[in-house]
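Report on the following structure.
The values are calculated or read from the model by the stated rules, or taken from the named source; none is laboratory data. Quick caveat, the model's predicted, so the values are computed rather than measured. Here Cβ is always computed from backbone atoms with ideal geometry, including for glycine, and neighbour counts include all displayed protein chains. Keep in mind that these areas ignore ligands, DNA and RNA; they rest on the heavy atoms of the full protein, side chains included. Shrake-Rupley method; radii C 1.70, N 1.55, O 1.52, S 1.80 Å.
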Amino acid sequence: MAEKSKTSIPFWRDIRKLNVLIQIVFVILVIIAGFVLVNNMQTSLDQLGKTFGFEFFQDQSSFAIPPESLEFDRTDPYWYAIVVGLVNTVKVALIGIILATILGTFMGIARLSSNWLISKIAEIYVEIIRNIPLLVQLIFWYFAVFVNLPDARFSIEFFGVFLSNRGLFLPWAFPSETFSIWAIYLGVALIIAIIAYIYRRNQLKRAERPGFPGFTAMGVFMVLAAMTWFFTGPAPLNLEFPVFGRFNFDGGIVLSTEFSALLFGLVIYTGAFISELVRAGIQAVAKGQVEAAKALGLKGSKVLQLVVLPQALRVIVPPLTSQYLNLTKNSSLAVAIGYFDVTRVANTTINQTGHGLEVIIILMACYLTLSLLISMVMNAYNRRIKLVER
Amino acid sequence: MAKAEKSDEGIIVCREVNKWFGDFHVLRGISVTVQKGEVIVICGPSGSGKSTFIRTINRLEEHQKGDIIVDGIELSNDLRNIDAIRSEVGMVFQQFNLFPHLTVKDNVTLAPIWVRKQRKSEAEALAMQLLERVGIPEQAEKYPGQLSGGQQQRVAIARALAMQPKIMLFDEPTSALDPEMIKEVLDVMKELAETGMTMLVVTHEMGFAREVADRIIFFDYGQLVEENTPENFFNNPEHDRTKLFLSQILH
Amino acid sequence: MKRILIVAFAVLLMVPGLLSSAQGGDTLAAVQARGVLNCGVNGQLPGFSGLESDGSFTGFDVDYCHAVAAAVLGDGDAVEFFPLTAPQRFDVLASGEIDLLIRNTTYTVSRDTDLGNNFAPPTFYDGQGFMVRADSGIGSVADLDGASICVGTGTTTELNLADTFAARGINFEPVVFETTDETFAAYDAGRCDAVTTDLSGLASRRTTLGNPSDHNILSEAISKEPLGPVVRHGDDNWYDIVKWTVYATFFAEEAGITSGNVGSFDRSDPEVDRFLGEISTKFGLDAGAFAAAIGAVGNYGEIYDRNVGPLGIAREGGLNASFQNGGLLYAPPFR
């Protein structure tokens with residue numbers, strides 16, 4: 001009897017067989033659930049007399065989107081509206097990620113400062129911002145602050161920049177007729193700059209000094225660009241200042257109130273979380289590391305640059321990735337303050353067409369793609385800075 | 001043991017050094033003069049202030065009263081003086097404190113390149129020379145995490161030596177090592193002492209102290225209790241507290 | 001393990017039942033079983049559907065909810081109100097969460113077809129207008145060239161604005177919000193030079209602004225906005241009930257029946273007799289259901305005067321007058 005049980009365990013007691021069985025049962029359940037859901041969806045759509053399909057994306061949209069990045073006309077199709085929304089989302093997310101990282105790093109270091117006032121200010125900032133829901137903050141920034149800035153007629157002006165409740169108006173350089181000639185010069189200058197970069201890099205290599213050949217190249221490019229500017233004759237770029245028109249400013253470029261408020265809210269909010277990551281990352285670097293670096297005679301800034309930050313980054317980067325993802329996804333709260341991100345465009349499209357399911361599928365695909373892209377970049381970076389252990 | 005010529009000034013002069021951690025008076029009026037080429041072993045019970053004392057010499061700890069003069073430079077709040085002294089004084093820590101994100105070679109060349117402004121090839125040649133001296137040239141391309149404790153501590157010694165310091169401070173360099181690795185580190189230190197390096201060593205390795213030290217300093221309760229030659233220190237200690245300490249660690 | 005599997009299967013088998021029951025065909029039976037009518041309204045539009053300080057809703061649209069509840073349940077107060085944003089409204093209706101949508105909703109082809117709705121006769125004929133600050137110097141739509149205009153999303157106004165201004169070659173910056181409150185808050189704060197919605201909506205919201213007399217409503221209307229109750233596709237009887245309850249308010253006004261006299265009204269006219277009596281049984285309702293509706297909220301004129309009158313929107317000579325007075329309101333025969 002004992003020998004028999006050794007050779008053939010009944011399957012409901014055999015761990016290996018049970019594991020396989022559980023997997024099979026699970027797959028079957030998932031398939032059944034999927035089938036039921038699709039079937040149910042079809043029934044519901046039939047009941048409502050709706051059809052499922054993506055053809056309507058070709059239809060004319062008929063609504064207006066304020067110009068934030070791409071121009072949009074009411075005669076453009078729905079799919080292009082989604083593209084415009086996506087570009088607007090990418091715009092606010094990308095700029096937001098950069099600014100939030102800068103703010104977070106600054107605040108994280110400030111929090112560790114030995115200066116009582118600076119570290120206290122950083123602490124209060126983090127504690128207040130982290131503990132208020134982002135939606136509430138966005139509504140506050142938009143309706144209580146940005147919309148309550150002075151009217152366009154009474155804008156706050158500094159160096160040709162106008163700030164009002166209509167947005168931030170900045171001077172901007174637009175190309176003139178001679179721009180194409182200058183562009184050729186710029187091309188040549190770029191090639192020379194690349195040559196300068198390679199030369200300087202080799203020179204540094206031969207001299208075996210650390211340095212930044214990129215700076216040399218940039219300098220060369222800028223000097224050449226400035227010199228050829230005068231050869232071109234009439235200025236290839238015209239600086240345009242915002243001028244007050246009937247209701248608003250014309251000329252220059254504008255960051256709309258909605259964009260500014262959303263960007264501001266996202267940066268302030270995410271910056272608080274990033275500052276905590278930076279603080280934790282720096283604190284995770286053992287005290288002995290700083291002492292060893294100091295004992296070798298490295299100055300404070302070099303200790304930070306060569307020893308502390310490279311080690312802190314490996315602690316910071318993985319959670320930082322999820323903060324970047326959060327910021328991107330949180331930008332969908334734009335719907336509350338009138339910025340035309342992809343969610344807002346999707347909502348409007350659903351409302352005007354009734355094709356909720358299709359639009360939501362596209363919307364989810366948009367965010368999934370963005371998130372996967374960010375994760376990919378950050379994971380690649382993380383692999384690069386990972387420590388080698390035994 | 002070959003002694004370098006002694007000047008009356010001394011390469012390290014400490015006069016009435018006092019330090020407090022909050023209310024805790026950790027160094028109570030320490031006065032020591034170290035001559036060039038001398039090897040001083042500092043011992044004492046834990047918490048006696050011996051580690052704190054050598055850490056004040058390169059300003060990892062600030063002293064509040066008294067003077068410390070290293071190689072003619074007074075240690076004050078002047079950043080330039082602190083930087084100058086730190087590049088003259090090498091230090092080896094109990095926990096090695098190698099930079100885990102850099103290879104062994106990069107650990108050793110980091111300071112010569114960024115502080116001494118040496119060429120990379122120059123710094124690397126020196127690094128290889130030093131790694132050979134501490135007996136691990138084959139580990140140059142590895143990362144600290146891939147080495148044993150003894151190997152790491154030898155890299156740490158090489159890293160400190162790469163700055164070509166006049167003085168080396170050792171803060172319990174063998175305390176974190178497995179017993180079988182202690183000897184390889186002590187051997188490197190012995191070899192270093194023979195070249196005439198000025199060394200201050202905080203350690204419990206009494207064998208090392210007896211064999212290598214020129215003088216032994218005994219700390220207790222933040223005070224310098226006894227300063228003596230190894231022979232007298234072990235065979236004929238002057239103070240009761242020294243006797244008590246020795247009876248506790250020697251059997 | 002076995003027990004878990006059985007439970008999992010049971011749940012799966014129930015899922016389609018749970019999900020599809022919401023869209024079940026017989027709304028009347030569902031409402032009567034529930035004992036309460038679920039009615040979707042705006043909730044941010046005083047005079048049409050406004051939230052009172054005690055948490056109750058009042059207004060023109062709200063009264064039509066009460067009328068239907070009275071006809072269907074015999075109790076005009078058996079209504080639960082669902083305040084909805086413009087983008088939400090059709091999804092909430094389609095999902096079955098509400099039985100009826102009366103939220104100043106414009107009757108259009110695409111909403112009737114693509115969105116799968118049925119529109120009852122318009123209860124309010126409106127047009128899209130603009131409100132501007134009195135000191136802005138804007139006197140007509142043409143003056144709005146280059147202006148920022150606040151507008152609610154998911155509305156016909158959003159589309160009309162783009163269409164009309166493109167056709168007239170007027171440039172504008174749309175500033176678009178989800179809710180009526182947000183739209184007008186942004187306008188009030190000065191984010192926009194003008195705000196646009198139906199004229200009735202503008203009149204309604206002007207009363208909520210800091211200083212109503214600082215704002216002018218331009219007299220021009222740029223569109224036709226027939227507003228009325230909406231039900232979802234797929235339940236013809238329910239659609240008929242809502243449709244004829246609306247007509248009942250028209251008919252009562254034509255016949256002179258009011259909430260005050262409905263109980264004692266002279267039934268010698270055969271149509272009046274049918275109207276007040278058995279005709280409602282054709283919809284599966286109790287006899288006298290329409291009399292109950294009129295008893296609850298009164299005829300069209302009463303509803304209008306009570307709710308829209310105070311906003312200062314005149315009825316005489318407009319589209320919302322009875323056909324007898326040159327308006328568009330006209331009840332088909334109750335026969």
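What the table below lists for this structure:
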item: Residues (at the interface with chain A (Cβ under 9 Å from one of its Cβ atoms), open to solvent by 30 Å² or more (accessible area, probe 1.4 Å) and under 22 Å from the mean Cα position of the chain (by Cα)) located in the stretch B:101-137; result: B:VAL115, B:ARG116
item: Selection within the stretch C:64-106 - within 17 Å of C:THR156 (Cβ to Cβ), among the polar types (S, T, N, Q), within 12 Å of another protein chain (Cβ to nearest Cβ) and open to solvent by 10 Å² or more (accessible area, probe 1.4 Å); result: C:THR85, C:GLN88
item: Failed criterion for A:THR51 (all others in (1) part of a loop (DSSP other than H, G, I, E, B); (2) buried (at least 18 other Cβ atoms within 10 Å of the Cβ) hold); result: (2)
item: Failed item in (1) surrounded by fewer than 20 Cβ atoms within 10 Å (Cβ to Cβ); (2) among the charged types (D, E, K, R); (3) under 19 Å from C:ALA29 (Cα atoms), with C:ASP269 passing the rest; result: (3)
item: Extreme residue, farthest from the chain's Cα centre (by Cα), among residues of the stretch C:143-160 that are open to solvent by 10 Å² or more (accessible area, probe 1.4 Å) and within 7 Å of chain A (Cβ to nearest Cβ); result: C:GLY146
item: Residue, farthest from A:PHE72 (Cα to Cα), within the stretch A:350-379, restricted to residues that are at the interface with another protein chain (Cβ under 10 Å from one of its Cβ atoms) and assigned to a helix (DSSP H, G or I); result: A:GLY356
item: Helices (runs of 4 or more DSSP H) (entirely within the stretch B:146-251) containing at least 2 residues that are among the basic types (Lys, Arg); result: B:149-161, B:179-194, B:240-249
item: Checking B:PRO173 against (1) under 17 Å from B:VAL41 (Cβ atoms); (2) open to solvent by 10 Å² or more (accessible area, probe 1.4 Å), the condition it does not meet; result: (2)
item: The one condition in (1) under 17 Å from C:THR183 (Cα atoms); (2) touching a residue at least 60 places away in the same chain (Cβ under 8 Å); (3) open to solvent by 70 Å² or more (accessible area, probe 1.4 Å); (4) not hydrophobic (A, V, I, L, M, F, W, C) that A:TYR142 fails to fulfil; result: (3)
item: Hits in the stretch A:11-48 - residues which are open to solvent by 60 Å² or more (accessible area, probe 1.4 Å), among the polar types (S, T, N, Q) and at pLDDT 85 or above; result: A:ASN19, A:GLN23, A:ASN39
item: Verdict on B:VAL89 being open to solvent by less than 10 Å² (accessible area, probe 1.4 Å), more than 8 Å from chain A (Cβ to nearest Cβ) and touching a residue at least 12 places away in the same chain (Cβ under 8 Å); result: no
item: Residue pairs meeting the criteria (Cβ under 9 Å; at least 6 apart or on separate chains; first closer than 16 Å to B:GLN95 by Cα, in the stretch B:167-191; second assigned to a helix (DSSP H, G or I) and aromatic (Phe, Trp, Tyr)); result: B:THR174/B:PHE208; B:LEU186/B:PHE208
item: Number of positions in the stretch C:161-177 that are part of a helix (DSSP H, G or I) and either more than 9 Å from chain A (Cβ to nearest Cβ) or open to solvent by less than 20 Å² (accessible area, probe 1.4 Å) (or both); result: 6
item: Counted residues, the stretch A:275-301 - those being within 11 Å of chain B (Cβ to nearest Cβ), assigned to a helix (DSSP H, G or I) and surrounded by fewer than 17 Cβ atoms within 10 Å (Cβ to Cβ); result: 4
item: Flag if C:PRO121 is modelled with pLDDT under 90, more than 13 Å from chain A (Cβ to nearest Cβ) and touching a Lys or Arg at 6+ places or on another chain (Cβ under 7 Å); result: no
item: Which listed residue is hydrophobic (A, V, I, L, M, F, W, C), assigned by TED's automatic domain parsing to the domain that holds A:ALA280 and in contact with a Lys or Arg (Cβ under 7 Å, 6 or more places away or on another chain), from A:ALA122, A:ALA100, A:ALA110, A:ALA144; result: A:ALA122
item: Any hit, the stretch A:309-324, residues being more than 14 Å from chain C (Cβ to nearest Cβ), within 30 Å of C:THR179 (Cα to Cα) and in contact (Cβ under 8 Å) with a residue 12 or more places away in the chain; result: yes
item: A:THR343 vs. criteria within 13 Å of another protein chain (Cβ to nearest Cβ), surrounded by 20 or more Cβ atoms within 10 Å (Cβ to Cβ) and modelled with pLDDT of 90 or more; result: yes
item: Total residues in the stretch B:192-251, condition crowded, with 16+ Cβ neighbours inside 10 Å and in contact with a His (Cβ under 8 Å, 6 or more places away or on another chain); result: 4
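Each row is one residue, and each column tells you yes or no for (1) open to solvent by 10 Å² or more (accessible area, probe 1.4 Å); (2) outside any strand (DSSP E or B); (3) within 27 Å of A:GLY167 (Cα to Cα).
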{"position": "C:THR196", "(1), (2), (3)": "no, no, yes"}
{"position": "C:SER219", "(1), (2), (3)": "yes, yes, no"}
{"position": "C:ILE222", "(1), (2), (3)": "yes, yes, no"}
{"position": "C:GLY234", "(1), (2), (3)": "yes, yes, no"}
{"position": "C:ILE241", "(1), (2), (3)": "no, yes, no"}
